[in-house]
Amino acid sequence: MGPSKLDRECKGKDRSLTVAARWEGVSGKGWLVGAWGLLFMLLPTAAGQEATPVWKWEYGRIEALVNKVRAGEDMTPKKWPGGARVAVALSFDMDAETGFLRSGQHSPQPLSRGEYGPRVGVPRILKLLDQHRVPVTFFIPAVSGELHREAVDAILKSPLKHEIGVHGWVHERLTELAPGEERELTRRAFDYWTKRLGRKPAGIRTPSWDFTSETLGIIRELGFLYDSSLMGDDRPYEILAEGKRTGLIELPVEWILDDATYYSYDRAAHAYHRMSDDDVFQIYRDEFDRAYEEGTMFLLTMHPFMTGHRSRMTALERLVVHMKSKAGVWFATHEQVALAAAAQLRRTEVKEVENPAPAGSTQGFLSRGLGGAVYLSWMEAGGFRFARWEKGRWGETRTIAEQRRFFLNWADYTSLVELPGGALAAHWLEKQADSKYAYGLRVAMSWDGGRSWKTVFAPEVSKADDYTGFVSLLPLKDGLGVSYLAPTAHGGHEAKTLRYAVLDGKGRLVSDKELDGDVCSCCQTSAVETGKGPVVLYRDHTGETRDISVAGADGVKALHADGWKINACPVNGPAADARGGNMAAAWFTGAEGRPRVLASFSGDDGRSFGGPVVVSGDNPIGRVALRLLADGSAAVVWLERVTEEKAELRLRRVQGSGELGEMVVIAQVDSARRTGFPHLVEEGGRLWVSWTGESVRTVVVDPAYLKLL
């Protein structure tokens with residue numbers, strides 16, 4: 001007996017659905033939900049699966065298979081936003097014609113059934129949602145979105161701000177694709193919706209709820225906040241991959257809460273699930289009522305070409321009215337629910353630490369002392385100050401400089417470091433007395449824990465409206481290294497040279513030499529100490545090509561030939577760190593019209609670097625920070641654009657082999673200059689991250705969580 005059309009018309013989500021329908025056609029006893037699990041085991045082996053019976057497998061093999069993707073910790077908050085007791089996440093899969101096209105049904109009759117969804121069902125659904133003020137999520141295949149642009153426009157124009165999530169390219173069956181096709185089609189769908197929405201889609205529901213051995217990796221690569229395709233719980237949970245935490249939120253689905261279970265029709269077999277709208281309403285209502293009692297989540301999957309019919313819309317409205325009759329019900333999009341769930345991860349694993357920087361403070365800079373203490377410096381009205389974190393608390397706030405002609409620049413920030421022996425060094429920028437725009441760097445040192453300071457290095461700016469800046473302070477065994485940009489002896493305002501000065505332990509200038517005579521004029525530098533001496537990374541300038549170069553004992557070398565040609569400074573310098581003979585670097589590039597943050601490792605103190613790996617998502621702003629960890633991996637922080645005004649501060653761990661960990665959102669931030677540049681240090685196995693919001697902010701990432709990334 002060949003497969004019936006129900007295999008195709010029911011979205012192909014579960015072949016047990018077909019068998020259940022056939023059983024109904026023979027017995028006439030209605031739907032047999034309780035028998036589905038047994039019937040599924042009787043189905044033929046799915047394509048691509050081994051025919052060897054599972055009872056012949058060793059237990060370890062079974063365990064490994066089962067543990068590939070499993071349900072992790074329950075992510076239900078103690079209280080949903082607004083103090084709500086339960087979250088209601090309604091969703092509509094607008095498959096339109098694609099559910100039939102992907103099954104080879106090309107005749108007008110089945111295609112017209114799919115057309116009904118966006119043509120009739122979606123307007124009815126939007127009208128009902130507007131009437132009751134209920135935001136929802138639509139999961140739409142990219143092809144359906146393009147075929148029915150007017151329906152998508154109507155969804156996006158709703159004042160309720162409905163969400164649209166990825167639902168495949170053409171509602172393809174993932175388990176039937178050739179190797180590589182799943183990644184290609186998912187990427188195409190992701191790119192389509194990113195362009196259409198003007199932002200990265202937050203979530204994905206795989207077509208037919210299919211999930212292959214590659215699916216989770218693809219979802220993580222694309223940086224989705226959540227998935228809604230699995231069935232490991234009734235509540236939101238974190239997905240585990242081979243027993244390891246992923247940081248990915250699952251909003252689980254279930255056949256009981258899918259209208260396809262009750263409204264599907266097999267024309268060829270003259271069989272359908274004989275469920276009245278009253279019976280369907282009762283099932284939905286009972287599921288919601290129990291979710292309300294438990295204080296968790298109610299998630300319902302519907303299809304405009306099924307639920308969009310008149311009588312079924314009446315049943316849906318009855319359900320909405322029933323849910324709204326109870327107090328403490330939060331109607332939300334899937335993204336909003338996932339964000340509330342993801343906050344449980346950040347609440348325990350990424351914690352904000354209050355710091356002494358006052359409201360309005362800027363240019364927060366983190367550094368780690370040789371004894372493990374963390375220093376935070378910042379600019380505030382009238383002064384450059386710092387505090388030290390040690391033994392679980394901040395110490396006294398002390399002043400580095402005040403009542404100066406400070407020059408504040410969002411990209412040319414201040415810094416502070418501790419030197420061997422306990423001396424401190426700091427730098428700031430100061431306006432030239434005879435110019436409105438010219439400024440120069442000032443380096444000061446303190447030998448009494450920061451109570452008093454002495455300016456020890458202040459190279460003059462001889463040209464009007466020129467500057468010295470973009471400094472990296474490097475603690476040395478016998479003093480301090482200072483890499484900085486300075487005017488060239490010839491050339492205009494935009495011409496800059498990279499210089500490196502050395503001061504001894506008493507602040508006396510030992511040397512000040514040029515490393516490169518033509519560099520990008522306003523990109524940050526990064527200096528590290530290696531076993532072969534100091535190494536400085538910076539953005540070079542060769543014609544209009546602005547790639548990253550490395551200056552060290554062996555002279556100047558390109559880190560990697562990105563080939564980024566741009567006729568203006570991108571204000572996006574590199575970040576580097578060195579540890580035990582190893583070195584790592586991260587940087588932003590826009591080469592080939594593709595913005596990305598790259599990372600690369602060196603095992604020979606920066607003399608050569610391996611091929612870079614892409615660390616970021618698809619729309620990074622850059623502004624990178626990096627730290628090498630004790631195990632040889634590197635932690636990279638950068639800004640990733642979400643909308644024109646908003647961005648995410650993201651963290652990712654990168655192994656020397658190029659293996660990438662999960663992208664973690666540290667904070668939601670402005671994409672504008674006011675956020676400045678993040679800074680990153682490691683202390684006691686945990687990471688500290690700083691950036692600027694309304695004031696300087698700091699968070700710490702728990703070391704146990706960091707190991708999971």
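The values are calculated or read from the model by the stated rules, or taken from the named source; none is laboratory data. Keep in mind that this is a model prediction, so the values were computed, not measured. Because the Cβ atoms are built from the backbone with ideal geometry, glycine has one as well, and the counts that use them run over all protein chains shown. With ligands, DNA and RNA removed, areas are computed over all heavy atoms of the protein, side chains included. Shrake-Rupley method; radii C 1.70, N 1.55, O 1.52, S 1.80 Å.
Among the numbered conditions (1) under 16 Å from GLY217 (Cβ atoms); (2) part of a helix (DSSP H, G or I), the only one that TYR192 does not meet is (1).
Given the criterion touching a Ser or Thr at 6+ places or on another chain (Cβ under 9 Å), in contact (Cβ under 8 Å) with a residue 12 or more places away in the chain and within 20 Å of LEU441 (Cα to Cα), identify the matching residue among ALA584, ALA551, ALA558, ALA501. First the steps, then the outcome.
On the way: ALA584 fails: within 20 Å of LEU441 (Cα to Cα); ALA551 fails: within 20 Å of LEU441 (Cα to Cα); ALA558 fails: within 20 Å of LEU441 (Cα to Cα).
When all the criteria are applied, what remains is ALA501.
Looking only at the stretch 612-631, filter to residues that are modelled with pLDDT of 90 or more and assigned to a loop (DSSP other than H, G, I, E, B); which one of those is farthest from TRP587 (Cα to Cα)? This residue is LEU629.
Residues that are open to solvent by less than 40 Å² (accessible area, probe 1.4 Å), of a type outside the set (S, T, N, Q) and more than 12 Å from GLY469 (Cα to Cα) within the stretch 480-499 comprise LEU480, GLY481, ALA495, listed in sequence order.
The residue that is surrounded by the most Cβ atoms within 10 Å (Cβ to Cβ), counting only those in the stretch 383-414 that are acidic (Asp, Glu) and within 29 Å of VAL624 (Cβ to Cβ), is ASP412.
A quick yes/no check of all residues on (1) of a type in the set (A, V, I, L, M, F, W, C); (2) not in a strand (DSSP E or B):
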site	(1), (2)
GLY517	no, no
CYS522	yes, yes
ALA527	yes, no
VAL535	yes, no
ARG539	no, no
SER549	no, no
GLY563	no, yes
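Please tell me if GLU380 is in contact (Cβ under 8 Å) with a residue 12 or more places away in the chain, open to solvent by 10 Å² or more (accessible area, probe 1.4 Å), within 19 Å of PRO356 (Cα to Cα) and not basic (Lys, Arg). Break it down stepwise before answering.
On the way: in contact (Cβ under 8 Å) with a residue 12 or more places away in the chain: yes; open to solvent by 10 Å² or more (accessible area, probe 1.4 Å): yes; within 19 Å of PRO356 (Cα to Cα): yes; not basic (Lys, Arg): yes.
Criteria met by GLU380.
Sub-6 Å Cβ pairs linking a first residue in the stretch 184-201 that is within 10 Å of TRP169 (Cβ to Cβ) to a second residue that is aromatic (Phe, Trp, Tyr), at least 6 apart or interchain, are LEU185/TRP169; ARG188/TRP169; ALA189/TRP169, ordered by first then second residue. Residues that are part of a strand (DSSP E or B) and of a type in the set (S, T, N, Q) occur in the stretch 657-671; there is at least one.
The helices (runs of 4 or more DSSP H) falling completely within the stretch 1-113 that include 1 or more residues that are under 23 Å from GLY203 (Cα atoms) and at pLDDT 85 or above map to 98-101.
For the structure I just gave you, tell me whether LYS477 is at pLDDT 85 or above and crowded, with 21+ Cβ neighbours inside 10 Å. Here the answer is no, as LYS477 does not meet what is asked.
Conditions (1) surrounded by fewer than 24 Cβ atoms within 10 Å (Cβ to Cβ); (2) touching a Phe, Trp or Tyr at 6+ places or on another chain (Cβ under 8 Å); (3) closer than 22 Å to GLY198 by Cα; (4) not β-branched (Val, Ile, Thr), marked per residue:
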position	(1), (2), (3), (4)
LEU629	yes, no, no, yes
GLY632	yes, no, no, yes
GLU662	yes, no, no, yes
THR675	yes, yes, yes, no
LEU680	yes, yes, no, yes
ARG686	yes, no, no, yes
THR698	yes, yes, no, no
